[in-house]
Amino acid sequence: MVLVGTSGQSAPQNDSEEQENYLTQSSAWQIVLSTHELKNYLSYKGSSLAPLTEVNVGYRFRDPENWKWVPMRNYETLWFSNGRPVGCRRFERLAIKPEMEGNILIEKSSEALEHMDPIADTVVRLFLDLQLNKVEFDGVVLPDDQFDAIASSLGRFSFYPKHLIVGESGVLLRVVTTSREKERYFYFRSD
C-alpha cells in the first residue's frame, strides 16, 4: 500500500493552478488541508492551550459523468496546542468510494511551515481513515517549500524516509511536491 478552513466554517478552497494541474490527470478524489493559528483564542492567564492551531479538512470528488469536481465539502476540523491534538469536530462521514483513487493536498500558505506537526498528525489520521475504508490512496501533494518540514514531522509518527524497492511490501507513505521535483516514500516502523 502506498501513502502519499476556519473554526469549522468552511472547507479549504484550493485555488492554486499549479496544484490543480498535477491533480487533474488521474485523481478521482482529493482531500485538502489548510491550517492557521487562532492567535488570541483561549489566550488568557494560566491557559495551557494557547496558542491554538486549526487544521481544516475538506474533500471533493469528481462527477463520474463529466469528470468535473463537485463542490468542496467539510469533513472535519482539528485543533492542536503545541503540536498535540486537543479537539476534533467531524461534520460528516468521508464519502469516498473504495474503487476511487486520489490524494491529500496540503494548501500553500505562509502559516503552514510554522504548523507542520499538526499537518503531519492530520495526514497520518487521514491515512488511517482511508486504509480502514479500503480507499485507494496515491499520496500527499504539498508545496515545494514544505517538503523538508513534513519529512521531519512525519518522524514523530514513526514514518521514516526510504528508497522504494520494487516488490517490497509494507506501509508506505508517498510525499511529492507540486512541482514534482521532490518525491520520497516514508515507511512506518513500529519498533
Top-ranked residue of the stretch 115-151 - restricted to ones that are at pLDDT 90 or above and among the small types (Gly, Ala, Ser), ranked as nearest to ALA50 (Cα to Cα): ALA120
Contacts under 8 angstrom Cβ, first residue in the stretch 85-110 being among the aromatic types (Phe, Trp, Tyr), partner not in a loop (DSSP other than H, G, I, E, B), 6 or more apart: PHE91/ARG73; PHE91/ASN74; PHE91/TYR75; PHE91/GLU76; PHE91/THR77
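So which residues in the stretch 32-67 are of a type in the set (D, E, K, R) and in a strand (DSSP E or B), if there are any at all?
At the first step, the residues of the stretch 32-67 found to be of a type in the set (D, E, K, R) are 37, 39, 45, 54, 60, 62-63, 65.
Hits for the stretch 32-67 are GLU37, GLU54, ARG60, ARG62.
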Close pairs from the stretch 38-62: first over 27 Å from GLU101 (Cα atoms), partner polar (S, T, N, Q), Cβ under 6 Å, at least 6 apart: LEU49/SER81; ALA50/SER43; LEU52/SER81
Residue match in the stretch 92-114 (condition: at pLDDT below 90, surrounded by 17 or more Cβ atoms within 10 Å (Cβ to Cβ) and in a helix (DSSP H, G or I)): yes
Residue among ARG156, ARG125, ARG89, ARG184 that is farther than 23 Å from HIS36 by Cα and either in a helix (DSSP H, G or I) or within 17 Å of the chain's Cα centre (by Cα) (or both): ARG184
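Would you confirm whether any residue within the stretch 163-175 is closer than 25 Å to GLU37 by Cα, surrounded by 18 or more Cβ atoms within 10 Å (Cβ to Cβ) and at pLDDT 90 or above? It would help to see each step written out before you state the result.
Pass one, the stretch 163-175, residues closer than 25 Å to GLU37 by Cα: 175.
Next cut, surrounded by 18 or more Cβ atoms within 10 Å (Cβ to Cβ) only: 175.
From what is left, the residues that are at pLDDT 90 or above are 175.
Among the residues of the stretch 163-175, at least one is closer than 25 Å to GLU37 by Cα, surrounded by 18 or more Cβ atoms within 10 Å (Cβ to Cβ) and at pLDDT 90 or above, which makes the answer yes.
Would you confirm, using the coordinates I've provided, whether VAL55 is farther than 22 Å from PHE157 by Cα and of a type outside the set (Lys, Arg)?
Working: farther than 22 Å from PHE157 by Cα: no; of a type outside the set (Lys, Arg): yes.
So VAL55 fails the test.
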Any hit, the stretch 56-65, residues being in contact with a His (Cβ under 9 Å, 6 or more places away or on another chain) and of a type in the set (Asp, Glu): no
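The values are calculated or read from the model by the stated rules, or taken from the named source; none is laboratory data. Being a predicted model, the structure only gives us computed values, none of them experimental. When we count neighbours, we look across all protein chains shown, and the Cβ atoms used for this are built from the backbone with ideal geometry, even at glycine.
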